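S.K.: What follows is a single structure, and I will ask about it in a moment.
Just so it is clear, none of the values below were taken in a lab; they were calculated from the coordinates. What you see is a predicted model, and the numbers here were worked out from it, not measured in a lab. When we count neighbours, we look across all protein chains shown, and the Cβ atoms used for this are built from the backbone with ideal geometry, even at glycine.
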Amino acid sequence: MTDSELSDLRERAENGDRDAVDVLVELAGERGDLDELRRLADRGSSDAVDVLVELASERGDRDELRRLADSGSSDAAEVLAELDEDQVDRNTP
């Protein structure tokens, strides 16, 4: 995808084009572009939040999960709780 095509998608997304948002979320997820995903999530894309939770979970990124949980993502809160529980289990003899 060219820079011009990406700019066009972003403009369409800004104007409420759900298809453009979906494509941007998919592309950002494939690239691991957390900044793009955060921007889309901040604009209300629950799909972007889902991808952020998935990526943060895969990376064990507690800070990102905490940020998402603090923003209202119950999925992020659940993953964070699971990671914390796993940590306690590993430290228990």
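S.K.: Mind listing whichever residues of region 8-64 are buried (at least 16 other Cβ atoms within 10 Å of the Cβ) and either of a type in the set (S, T, N, Q) or in contact with a His (Cβ under 8 Å, 6 or more places away or on another chain) (or both)?
M.R.: Ser45, Ser57
S.K.: Quick one: Arg12 ticks every box in (1) touching a residue at least 12 places away in the same chain (Cβ under 8 Å); (2) within 22 Å of Met1 (Cβ to Cβ) bar one, so which box is it?
M.R.: (1)
S.K.: Among the helices (runs of 4 or more DSSP H) lying completely within region 1-61, list those that include at least 2 residues that are among the acidic types (Asp, Glu) and under 12 Å from the mean Cα position of the chain (by Cα).
M.R.: Counting at least 2 such residues, we get 18-31, 34-42, 46-59.
S.K.: Further, regarding this structure: Is it the case, given these coordinates, that Asp75 is surrounded by fewer than 16 Cβ atoms within 10 Å (Cβ to Cβ), assigned to a helix (DSSP H, G or I) and on the phi < 0 side of the Ramachandran plot?
M.R.: no
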